[in-house]
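A short write-up of the structure that comes next.
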Amino acid sequence: MRMTSPFCYAGERFADIQMLRYRLNGFEDLSLQQKLYIYYLSEATLWGRDMTFDQNGSYNLRIRKLMEVVYSFLKDCPPTEESRALEVYLKRVWFSNGIHHHYGGEKFIPDFPEQFLRDIVAQIDPSLLPLEEGQSPLEMLDQLTPVIFDPQVLPKRVNKADGEDLVLTSACNFYEGVTQAEVEAFYAEKKSPDDPQPPSWGLNSKLVNENGRLVEKVWKADGMYAEAIGHILYWLEKAAEVAENDTQREVIHLLVKYYRTGDLRDFDRYSIKWVGCHEGDVDFINGFIEVYGDPLGLKATWEGLVEYKDKEATKRTRTISDHAQWFEDHSPVDPRFRKKVVKGVTANVICAAMLGGEEYPSTAIGINLPNADWIRAEYGSKSVTIGNLTDAYNKAAKGNGFKEEFVVDAETIQMIEKYGDACDDLHTDLHECLGHGSGQLLPGTDPDALKAYGNTIEEARADLFGLYYMADPKLVELELLHDGEAYKAQYYSYLMNGMMTQLTRIRPGHLIEEAHMRNRALIARWTYDHCDGAMQLLSREGKTFLRITDYPRLRQAFGSLLAEIQRIKSEGDFEEARRLVETYAVQVDAVLHKEILERYARLDLAPYKGFLNPRLTPVVSPDGMVSDIQVDYSESYEQQMMRYSQDYAALIS
């Protein structure tokens, strides 16, 4: 296994992004069969990349290809201010899987002039350019440059502005020639209140208007994205040959069937078998899963993750899942909204082995699936906390001065230093394992009733569940925390982030757009208004700080908000969801924002982090058999991205 010694977690930095590396802890101790299984699943993960680019915007693949061709042409030329700016722009496109910011969703504009691009393209062999059939380089530029340079063209990947047509004003490539009202009516017709097991209508297709008729272009082996899906199927079938057990093989075969048919009920059958598969150490996610990239919360962006268990750390999550019924029974929500019997809740701490699609380079640190409410209720859910990623984040952040700048006093800093990492991990576990898996919809409630506000409400529900229980003596009893005061570190850090420091990720004059950021703002600001002064913002020497004077009172507020958020979800109360989100989660205090940005700028930190994948390579013995899988951490960001664009270019050549 090749790596620097000691292992270097921090990679290069550009724009507002810091690249990190994650380590495959314990990979060398896995069997050859397990390593092969991980390798084949990893190949299936990497082949989904182009789908994510295309889903994020219809011009993304061609813009990526254009910039890569120009970048390669310029590599042998003396660097200039313009060429360096083009390199940064290309790296941002790679990072965001498109031309819109990976988190905020706003389009980022190059820092080089359009004429510079035109002058370089004029010198390049046209056969290298991403030309459409019969198109000249000039015609290509006339088509693509407004998309690249004009701030008014496709300004947001996902528009969530209340009162606007969210479909027509979003740049994501899930709809073509249709309005929001037409989309909602199309899928409303498919739903039946008498179906106890409704599929996730629209999850795996693009909805287009063809000569006045709405048609779904399904993402499947003989449909849209067939080229990419064909490669994924090849590697999934290779993986099935070396799976750890028959159940894993059956899971893969069901996923393969779903990719071939595109039938959402096949996806449900796969999801049920996957959520019940607990044997073995290796697992994966591969498919059209999360709907954050669709303003209506219907269409799923492709993502991939290959993982193996961290057996020692999993003892913590197993303790939580073993007591899931206790947590559900003692939840502060109305008993009507609690599950009478919690089924199949499992949780593991895992090591990520490969990230792909929407999970790469920026990724979640915890995941709970499947998303279908009826599958959760009847069959349970799987939760993972990605331990080697959180470890990389923590190690890369040591000594960066952030806490000293924003935390109110030395005593609170010491508390966070002592308990913060453990509490962060535990809150992630509670969020994923119990929060998302808790509660139930009332009979007849449409799972999509909250529409554009559904993702924010769901993330708030899971976060609040974790926050409420962080302070419960049960966690000390279960030895998940060893000090009844430790929860205070999580409360302080979470509320400081929601009230103040997450604003470092927002550009001046912009609103809060991303669902997780809206969730944190909603919780922090609502709590601020309803905690009787238990948390305060104070000014000291021109700087704003959060001070907390009554931590138990905060827990009461979290419980009250959790009860209301669960009611909103269980009853499908769209109007109240809209009121809460629009009141607490969207607007930005311009004066506070300016101050936070200035203080953060002085620290010279990048507000966003993402990961480079390790490179997995089979080691072939003289007899032609694979004897090992080599792990290489030395690849640079540019090397990895250019290799992926060459080796895994399924949808553009």
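Observations
- Taking region 73-103 as the range and being open to solvent by 20 Å² or more (accessible area, probe 1.4 Å) and part of a loop (DSSP other than H, G, I, E, B) as the test, the residues that pass are LYS75, ASP76, CYS77, PRO78, PRO79, THR80, HIS102, TYR103.
Table: residues versus (1) farther than 28 Å from LEU20 by Cα; (2) in contact (Cβ under 8 Å) with a residue 40 or more places away in the chain; (3) open to solvent by 30 Å² or more (accessible area, probe 1.4 Å).
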position: PHE545; (1), (2), (3): yes, yes, no
position: ARG555; (1), (2), (3): yes, yes, yes
position: TYR584; (1), (2), (3): yes, yes, no
position: ARG599; (1), (2), (3): no, yes, no
position: ASN613; (1), (2), (3): no, yes, no
position: ASP623; (1), (2), (3): yes, no, yes
position: TYR633; (1), (2), (3): no, yes, no
position: GLU638; (1), (2), (3): no, yes, yes
position: MET641; (1), (2), (3): no, yes, no
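- Test: ASN455 is among the polar types (S, T, N, Q) and closer than 25 Å to ALA534 by Cα: no
- Residue within region 496-505 that is over 22 Å from PHE545 (Cβ atoms), out of contact with any Lys or Arg (no Cβ under 6 Å at 6 or more places or on another chain), of a type in the set (A, V, I, L, M, F, W, C) and in contact (Cβ under 8 Å) with a residue 12 or more places away in the chain present: no
- Every residue from region 436-465 that is crowded, with 23+ Cβ neighbours inside 10 Å and either more than 21 Å from the chain's Cα centre (by Cα) or free of Cβ contacts under 8 Å to residues at least 40 places away in the same chain (or both): GLY439
- Residues being surrounded by 11 or more Cβ atoms within 10 Å (Cβ to Cβ), outside any helix (DSSP H, G or I) and touching a Phe, Trp or Tyr at 6+ places or on another chain (Cβ under 8 Å) - total across region 110-135: 4
- Candidate set from region 208-228 (those that are within 24 Å of the chain's Cα centre (by Cα) and in contact (Cβ under 8 Å) with a residue 60 or more places away in the chain); member that is nearest to GLY280 (Cα to Cα): ALA228
- Any chance LYS418 is open to solvent by 50 Å² or more (accessible area, probe 1.4 Å), assigned to a helix (DSSP H, G or I) and more than 12 Å from LYS488 (Cα to Cα): no
- Cβ-Cβ under 9 Å pairs, at least 6 apart or on other chains, region 312-328 side farther than 14 Å from GLY344 by Cα, far side hydroxyl-bearing (Ser, Thr, Tyr) and assigned to a helix (DSSP H, G or I): PHE327/TYR469
- Residue that is assigned to a loop (DSSP other than H, G, I, E, B) and either at positive phi or open to solvent by less than 10 Å² (accessible area, probe 1.4 Å) (or both), where the choices are LEU20, LEU24, LEU66, LEU41: LEU24
- Cβ pairs under 6 Å, 6+ apart, first in region 136-163 and closer than 30 Å to ALA122 by Cβ and at pLDDT 95 or above, second open to solvent by 30 Å² or more (accessible area, probe 1.4 Å) and not in a loop (DSSP other than H, G, I, E, B): PRO137/PRO126; LEU141/ARG118; THR145/GLU114; PHE149/GLU114; VAL153/PRO146
The values are calculated or read from the model by the stated rules, or taken from the named source; none is laboratory data. Note that the structure is predicted; figures quoted are calculated from it, not measured. Don't worry about glycine lacking a Cβ; one is built from the backbone with ideal geometry, like all the others, and counts go over all protein chains shown. Quick note on the areas: whole protein, heavy atoms, side chains included, nothing else; ligands and nucleic acids left out. Shrake-Rupley method; radii C 1.70, N 1.55, O 1.52, S 1.80 Å.
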